Structures are given as structure tokens and as C-alpha cells.
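Values quoted throughout were computed directly from the atomic coordinates according to the rules given, and no laboratory measurement underlies them. If you're wondering where the values come from, they're calculated on a predicted model, not measured in any experiment. Every residue, glycine as well, gets a Cβ built from its backbone with ideal geometry; the counts of neighbours run over all protein chains shown.
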Amino acid sequence: MKQISIPDTTKASLDRIAAVNKKLNAIIYLDREKVLKEAEGTRRNVGGIATRGIPIAIKDNICVKDEPTTCASRILKGFKPPYDATVIRKLKNAGFITVGKANMDEFAFGSSCETSCYGPTRNPWNLEMIPGGSSGGSAAAVAAGEVSMALGSDTGGSVRQPAALCGIVGMKPTYGRVSRYGLIAFASSLDQIGPLTANVTDCAALLNVISGHDEMDSTSADLPVPDFTKSLVKNAKKLKIGVPKEYFPEGGIDKEVEKAISKSKDVLKSSGAEIVDISLPNTEYALSCYYIIAPAEASSNLARFDGDQYGLREDAKGTIEMHTKTRTAGFGDEAKRRILLGTYSLSSGYYKAYYLKAMKVRTLIKNDFLQAFKVCDVILTATSPTAAFKIGEKINDPLSMYLSDIFTIPANLAGIPGISVPCGFTKSGLPVGMQFLAKPFDEETLIRTAYTFEQNTDFHKKKPNL
Amino acid sequence: MKQRIDKKTVRHVARLSRISLSGKEVALYQKQLADILDYINQLNKADTTGTPPTSHPLESLKNVFREDRVRKSLPAEKALQNAPERKDDFFSVPKIIE
């Protein structure tokens with residue numbers, strides 16, 4: 001076996017970025033010299049760690065000390081965090097080389113990576129298409145081989161949906177599995193950091209590094225973290241896989257996607273799994289529920305961006321005028337739309353009708369999953385109802401854009417883990433993703449199921465021509 | 001809850017959010033928010049009688065406390081490194097009261 005040094009691996013990653021990133025716009029910040037220096041340092045300092053020297057891209061909403069972290073928003077222009085997010089500290093301790101910041105929808109508001117103030121990221125499989133979002137830069141960077149791994153964040157599908165649309169593996173761990181200290185908050189009861197990787201093995205390895213309790217994040221769960229690589233088992237025997245009928249609505253899912261999912265069920269069956277029909281009766285309310293809760297929390301979280309302490313500041317005579325001018329100039333259209341929607345549903349007179357109602361419906365959705373997991377170990381669905389769509393196609397129709405996350409949103413509302421794996425291609429050559437969902441803190445079953453499927457198929461081996 | 005959001009409400013919510021909108025933007029957001037709220041109104045069909053609200057997915061999580069001890073914190077210089085304007089060890093902002 002040929003051995004290559006850490007600086008060589010890093011250089012290969014940097015060269016690939018230099019070759020293809022102009023076409024993709026996946027990486028929006030990169031300090032080549034600093035990265036090479038870091039790679040040299042890692043070769044000397046970190047011994048005997050399997051992950052050392054792996055180049056990894058970081059979504060632009062995760063704080064990396066003294067590197068621009070902007071959530072792809074004008075309002076955070078020039079912001080350099082004075083500290084590392086906990087996941088970044090863990091990556092650095094494990095010898096990873098952080099290679100640049102990855103593009104995203106502004107503040108993670110979007111499913112297409114088009115709302116970034118740096119312009120859209122393009123899908124490596126077809127440059128006319130969106131890569132999915134909001135972690136579109138992370139997904140495109142991995143799919144194009146710019147980096148071997150990336151971190152994203154998933155509030156309503158923002159890791160799983162772009163992973164599906166770019167033909168790679170993406171996981172949203174259980175709410176509480178990974179510390180969010182240093183993740184710039186979108187919706188605090190939904191956000192979770194997750195890995196985007198070329199295959200399930202890398203996903204398990206990266207999850208091992210980033211998981212675990214952190215006293216800096218009071219919502220991180222104080223539970224032991226298993227070695228997820230032990231779940232890389234090619235065996236689906238005795239595994240009960242539930243298929244919810246509500247996730248295959250007449251006219252609500254693309255025929256080619258449905259066909260790929262149907263074939264994938266057969267692959268799992270022949271690997272020993274039992275497929276059972278299940279029902280998640282409150283699925284139809286999930287999107288509405290999410291579009292009350294997520295913007296409400298976002299409007300509150302984004303109140304901090306006012307020009308007082310960091311980021312953009314517009315000149316004005318008084319403070320309120322300065323705040324208003326700064327926010328008006330700093331936020332893009334979708335961010336404004338969500339702030340307005342969230343402020344509306346939290347304002348007096350509407351709170352009970354919208355926010356409180358949504359929180360009750362959230363209980364119903366969560367209970368659906370708890371019931372389902374009494375009769376199955378894992379749930380199988382399509383990750384997104386369609387493959388990648390054209391840049392510009394949905395940007396002026398927010399509601400149709402929101403529908404792109406209809407299959408991924410319920411897991412965030414329930415707090416359960418989910419993974420997307422490549423499961424086919426459309427006739428025009430675009431990747432299709434399949435989603436597995438499991439009980440809270442049962443990422444092991446997700447990895448086992450996903451690995452078994454992956455090892456029985458070749459979809460993950462296909463690479464885009466760039 | 002059935003009535004569509006009007007322009008006056010959009011302006012009011014924008015003011016609460018410290019965002020100023022042009023007349024054209026008010027019209028656009030009014031239409032888009034009304035469409036979104038029409039869709040969201042299907043929540044009314046869900047029977048939530050006797051259902052408690054979920055504000056957080058981790059059921060077991062109650063108040064979380066850290067040990068009360070003195071520890072190293074971010075030095076003022078680091079905390080101020082992103083300040084648009086500063087005066088000594090403070091963030092400086094335009095006048096609040098005349």
C-alpha cells in the first residue's frame with residue numbers, strides 16, 4: 001500500500017479546490033498557506049490517530065477561531081470568532097485539518113444554497129442544478145472530492161437533503177448527541193451538527209470524533225458514546241424496517257425517486273431485513289408545524305445581530321435607527337421573510353393560535369414515531385421528494401422551496417437521528433437519496449442499516465465528471 | 001386566524017423586527033406570508049385536545065447547572081476584537097437617550 005504524508009493529502013485537497021471550486025463555489029473562504037502550515041504541524045505533533053491529517057470543510061455557521069465565520073450573510077461580514085466551536089476543538093485534537101469554510105444558505109434558511117450572500121453553490125453532477133441546502137457547500141465539496149469530509153448543520157434536513165442531492169452520505173445525529181457550542185443558532189430546539197462524507201464508514205468515524213457531552217452546551221446529552229465503527233456490519237438479519245405510507249403521497253413524490261426507493265427495499269430484503277408497512281398519521285402537519293416553530297425561534301435568535309458588538313454596522317444618529325439600518329442592509333430576503341413570519345407568530349394575539357398549537361402538534365408527531373418504533377427498528381423513506389432542481393427554479397416561490405424538506409423535517413421535530421445514503425440515479429444522471437430514521441440515540445442501527453445497503457450497491461462509488 | 005395578513009400587520013411586524021421595508025417589499029411579503037400562513041392554517045385540522053406542548057425534544061432534560069467555580073474567561077481584548085466601535089474596554093454605540 002502506498003503511503004502519503006499529511007501535507008501531501010492536504011495539498012491534494014487544496015489542488016482539487018483550486019481546480020474545480022470556481023465552477024462550484026462550494027468553498028467560500030480558504031487560507032491556503034495557513035492550511036499547509038497546519039498540515040506540517042499536525043505531521044509533527046499528533047501520533048497514532050487514525051483520523052489525523054484528514055482534510056475537512058466546515059459549514060460557515062460553525063465558529064473556527066480567528067477565521068471568518070459569516071453564516072453566508074452580509075450582517076456577519078468580517079466576523080472572526082475569538083474561540084473554536086466544541087466540534088472544531090475535537091477535530092483539531094484528533095488531527096483533522098480544517099480546510100476552509102463551506103457555502104450555505106444565509107443563516108441556514110433554505111434548501112438550495114441560493115440565498116448565500118456569496119452567490120449559489122452548483123451541483124457537481126450538473127452545474128445548472130442546485131446542490132440542495134442549506135449545507136450545500138459542504139455536500140458539493142465532498143461530492144466533488146475537494147475534501148473527504150465536511151461538517152454541516154441540520155435544522156429541517158439541511159445535512160440530509162444536500163447529501164441526497166449530491167450523491168453522498170449525510171447524517172443528522174439525535175438532538176443532544178453533538179455539542180452545539182459555537183454553532184451559530186438558527187432554531188435551538190431543532191439544530192444539530194452532522195457529518196457529510198463520501199461513504200458510511202467515514203460517517204461513523206467522524207461521528208465518533210464529534211459526539212459526546214459538553215458542559216458548554218446545556219442541551220448536549222450526558223450519555224456514553226458508543227464506538228460507531230463497530231456498527232459497520234454488513235448484515236440486516238432480524239432488522240425490521242418500517243415504510244410509512246404517508247411518505248409516498250400520490251403526486252407528492254417524483255416517479256423516478258419512488259422507483260429507486262422501491263428497488264432499494266428489495267436490496268435490503270435480500271440482505272435479510274424484514275419490510276413492514278407502518279403509519280405516521282400526523283405527517284401531513286409536519287411542514288406547517290415546522291414553519292411556525294423554526295421561524296419563531298430564528299426571529300428570536302437573530303435578534304442579536306444588531307450592529308452593537310460584531311459584524312456589520314450602518315451609521316446612524318441613534319441606536320434604534322442604527323439597529324434598523326444595519327438589519328435592513330445586512331439580512332437577505334429569505335432571512336427577512338423568516339424573521340417577519342417568526343415575529344408574527346410570536347406576537348400577542350397570534351401566539352396561542354400559532355406557536356402554542358404548533359408545539360402541541362409537535363407532540364403528536366413525536367408520538368407517531370414512538371408508536372412506530374414499537375413495531376420496527378428503523379424507518380425507510382426518500383430523503384427528498386425530487387432530485388436536484390434548477391438554480392432559480394424555486395427561489396421566488398418560498399412555499400414550493402419549503403416542500404423540498406417535507407420528508408426530513410419530522411425527524412428534527414421529534415429529535416430523532418436520520419441518515420441519507422445514495423440509492424440511485426435519475427435518467428438524467430442526478431443522484432437520489434434514501435433516508436433511514438431510528439430511535440433517539442440509536443445511531444448504531446442507522447449506521448448498520450446504511451452500511452449494509454451501501455455494501456450491497458455501487459451508487460456511492462460513482463463520481464461526478466468535473 | 002382565518003383572515004389574511006394585511007399590509008398594516010406586515011409593517012407592524014417589520015417594525016418589531018427592526019427591519020424597514022419599501023412599499024414594494026411590503027406588498028411582496030404580504031402576499032408571500034399570506035400564502036405561507038394559508039398553508040400553515042391546516043394545523044387547525046389536527047385534534048390536540050388534551051395534548052401537552054413539546055418545546056424541546058429531550059424529555060429528561062430539566063434545569064442544567066454548572067459547578068459554581070471561578071474559571072478562565074475570554075479576555076476583554078478577545079471579546080472586543082469584532083467590535084464595530086469601542087471605547088476603552090467597552091463596546092461603543094450611538095446615543096440611546098438624547
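What the table below lists for this structure:
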{"item": "Order of A:Leu190, B:Leu80, B:Leu74 under a 10 Å beta carbon neighbour criterion, fewest first", "result": "B:Leu74, B:Leu80, A:Leu190"}
{"item": "Mean Cβ neighbour count within 10 Å, used as a protection proxy, ranking A:333-346, A:54-67, B:21-34 highest first", "result": "A:54-67, A:333-346, B:21-34"}
{"item": "Value at 222 nm in deg cm²/dmol, rounded to 500, when DSSP H runs of n ≥ 4 in chain A each add -39,500 (n - 2.57)", "result": "-11000 deg cm²/dmol"}
{"item": "Volume of the Cα convex hull of the stretch B:3-81, divided per residue and given in Å³", "result": "216 Å³"}
{"item": "Proxy reagent accessibility, fewest Cβ within 10 Å first, across A:Arg32, A:Arg89, A:Arg122", "result": "A:Arg32, A:Arg89, A:Arg122"}
{"item": "Reach of A:Lys22 by Cα under 13 Å, taken over aspartates and glutamates that are not fewer than 8 positions away in the same chain", "result": "A:Glu146"}
{"item": "Distance between the stretch A:175-240 and the stretch A:346-404 - C-alpha centres, whole angstrom", "result": "21 Å"}
{"item": "Sparsely packed GluC sites (Glu not before Pro) within the stretch A:109-208, loop by DSSP, other Cβ within 10 Å at most 15", "result": "A:Glu128"}
{"item": "Entries of A:Lys245/A:Lys336; A:Lys59/B:Lys95; A:Lys37/A:Lys90; A:Lys80/A:Lys390; A:Lys265/A:Lys366 with Cα pairs more than 30 Å apart", "result": "A:Lys245/A:Lys336; A:Lys59/B:Lys95; A:Lys80/A:Lys390"}
{"item": "Stokes-Einstein D (µm²/s) once Rh is taken as the Kirkwood radius of the stretch A:194-307 over alpha-carbon pairs, at 25 °C in 0.890 mPa s", "result": "133 µm²/s"}
{"item": "Inter-chain Cβ neighbour average for residues A:354-362, partner chain, 10 Å", "result": "6"}
{"item": "Contact order normalised by residue count of the stretch A:364-464, Cα under 8 Å, 6+ apart, percent", "result": "30 percent"}
{"item": "Gyration tensor over alpha-carbon atoms, the stretch B:1-45, equivalent ellipsoid semi-axes in Å", "result": "21, 11, 8"}
{"item": "Radius 14 Å from Cβ of A:Ala260, net charge of other residues (Lys, Arg +1; Asp, Glu -1)", "result": "+1"}
{"item": "Per-selection metrics, the stretch A:324-414 (Cα): Rg and Dmax in Å", "result": "17.2, 55"}
{"item": "Largest to smallest principal axis extent of the C-alpha atoms in the stretch A:274-377, angstrom", "result": "66, 33, 21"}
{"item": "The protein assembly as shown: proportion of alpha-carbon pairs further apart than 41 angstrom, %", "result": "19 percent"}
{"item": "Gyration tensor verdict on the stretch A:164-226 (Cα atoms; rounded if a/c is under 1.5, prolate if a/b is larger than b/c, oblate otherwise)", "result": "oblate"}
{"item": "Average partner coverage of A:337-343, which counts Cβ from other chains inside 10 Å", "result": "6"}
{"item": "Net charge, A:Thr383 excluded, C-beta distance under 10 Å - Lys, Arg +1, Asp, Glu -1", "result": "0"}
{"item": "Kyte-Doolittle at least 0.0, axis length at least 27 Å by Cα - qualifying DSSP helices, chain A", "result": "none"}
{"item": "Virtual spin-label span in nm between B:Tyr39 and A:Lys462, 7 Å along Cα→Cβ", "result": "2.9 nm"}
{"item": "Gyration tensor (alpha-carbon) shape descriptor, the stretch A:69-207, a/c threshold 1.5", "result": "rounded"}
{"item": "Percentage relative contact order, chain A, counting C-alpha pairs under 8 Å, at least six apart", "result": "18 percent"}
{"item": "Neighbour-count order for A:Leu399, A:Leu183, fewest beta carbons within 10 angstrom listed first", "result": "A:Leu399, A:Leu183"}
{"item": "Global geometry of the stretch A:1-142, whether rounded, prolate or oblate, following the gyration tensor of its Cα atoms and the 1.5 cut on a/c", "result": "oblate"}
